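So the structure is just underneath, and the comments pick up after that.
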Amino acid sequence: MASGDWIGLLSDQASIDANRYGQMTPWQRGYLKPPSLVGSLIALAVVGAVVVPLDLSILVNIGGELLRSDTTLIERLILLVLLLFLLAAASAFLLVPVRDLLRKLRLRRDLTEGYIVQEDGQIAFSARGGYVARASGRTLRGIDGGKVVRLTPGMYRFYYLPRSRRVLSAERQMLFESGGPQAGLLLALSQTNNFSLDELDTNRQGRASNRQRVRLVGRLVVLLVVMGLIVVGSIWQLDSLLHTAPWSFLVLGGFLVLFLVMTYQRWLDLLEGRVALLEGYVEAVEDSDGEGVTYHYVLGRQRFMVSGTAYKALAAGVRYRLYYLPHSKRLVSIEPLP
């Protein structure tokens, strides 16, 4: 299900009204069916049947070595470390199916009892997981059981199942929010995209801030150093390249042209010191290939590479204004629109 669909369902007024009176809507009941325990019990039995006897056998052997009178102190220490490692590994293997079984049992009990808790809390950004719901110092879960709750940050009244802590719906409490309804989202975006609110004010005037221009100088220096290394390395290995791989000069030439274009673009951005802007609904896109994962903000035909945390900080279903360097197409700041 898309992020925008989740937001609509969680904040749907009919869902909120039903949950307020302790009732679940048809779509909530259809989604939250009692989970089967068979898979978890089989996994727990398999792990217990394999891991426990194996660990007991190893522990008996290690214990025997520890009790021997001719075992040196260093050998005892090594065996003790190995013993602790085996205990930790066995606990980790057993913990996964046990936790899965307990989660399912909690959800089954919630669905059997049908009790819905109402509690005020907030949606806040976490660099590790994205936007999470918290109430009374505890982290709630999305209706799908995940830690991420796809709502814009702010104060909410949550309606959730008490044992599994799954949020059924959330009612925005704007009267208790300081700085406006988009303050929390703007703060998360500024932290993850590395700009300050003062810099945002400068960008609104169509100019790049001094710190943004200094970072641009740093990128120019890096490009010049890389081009210098390519030229020096080519001259140093000139004879070897001519005899073994003359085609490599085409590759090196291509890299030099690419770096020259990038340098020229950044130089123009530095000289002009201005920013361009775009407005609209921005999509956070994750691109994966054989070499790694990259993240982008996409608006129309424009794509801006961002970090993984900035990717998580972008809330769906919100209009944004993006400020970027017009020649190198680098994002410098972003703000949500009312």
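The values are calculated or read from the model by the stated rules, or taken from the named source; none is laboratory data. Just so we're clear, the structure is a prediction, and the values are computed from it rather than from any experiment. Here the Cβ positions follow ideal geometry from the backbone for every residue, glycine too, while neighbour counts run over all protein chains shown. In case anyone asks, the SASA skips ligands and DNA or RNA and just uses the protein heavy atoms, side chains included. Shrake-Rupley method; radii C 1.70, N 1.55, O 1.52, S 1.80 Å.
Some points to look at:
- Amide H contacts of Val306: Tyr295, His296, Tyr297, each under 5 Å away and 5 or more positions distant or on a separate chain (H built 1.01 Å from N in the peptide plane; Pro and chain starts excluded).
- Taking all protein chains together and rolling a 1.4 Å probe, Asp198 ends up with roughly 110 Å² accessible.
- Karplus-derived 3J(HN,Hα), 6.51/-1.76/1.60, for each residue of the stretch 143-153, Hz, glycine and proline x: 5, 7, x, x, 6, 8, 10, 7, 9, 5, x
- Area of Phe85 that stays accessible when all protein chains are in place (1.4 Å probe, Å², to 10): 130
- Shape of the stretch 83-183, Cα gyration tensor, a/c cut at 1.5: oblate
- Cα gyration tensor, the stretch 254-338 - rounded (a/c under 1.5), prolate or oblate: oblate
- Theoretical FRET efficiency, 1/(1+(r/R0)^6), r = Cβ-Cβ of Val96 and Asp12, R0 35 Å, to 0.05: 0.55
- A Förster distance of 56 Å, applied to the separation of the beta-carbon atoms of Ser288 and Leu73, puts the FRET efficiency at 0.65.
- Point-to-point label distance, Val222-Tyr264, nm (Cα→Cβ direction, 7 Å offset): 2.2
- Taking label points 7 Å from Cα along the Cα-to-Cβ direction, Val214 and Ser126 give a separation of 3.4 nm.
- For the stretch 146-236: rounded, prolate or oblate by the Cα gyration tensor [a/c cutoff 1.5]: oblate
- For Arg106 and Lys329, the difference between the fully extended length at 0.36 nm per residue and the C-alpha to C-alpha distance is 75.4 nm.
- Sequence of Arg303, Arg166, Arg157 when ordered by accessible area, the most exposed leading, probe 1.4 angstrom: Arg303, Arg157, Arg166
- Set of lysines with alpha-carbon distance to Lys312 below 27 Å, sequence-local pairs under 8 removed: Lys147, Lys329
- Near Tyr297, once Lys and Arg are set to +1 and Asp and Glu to -1 for all other residues with Cβ below 14 Å from its Cβ, the sum equals +2.
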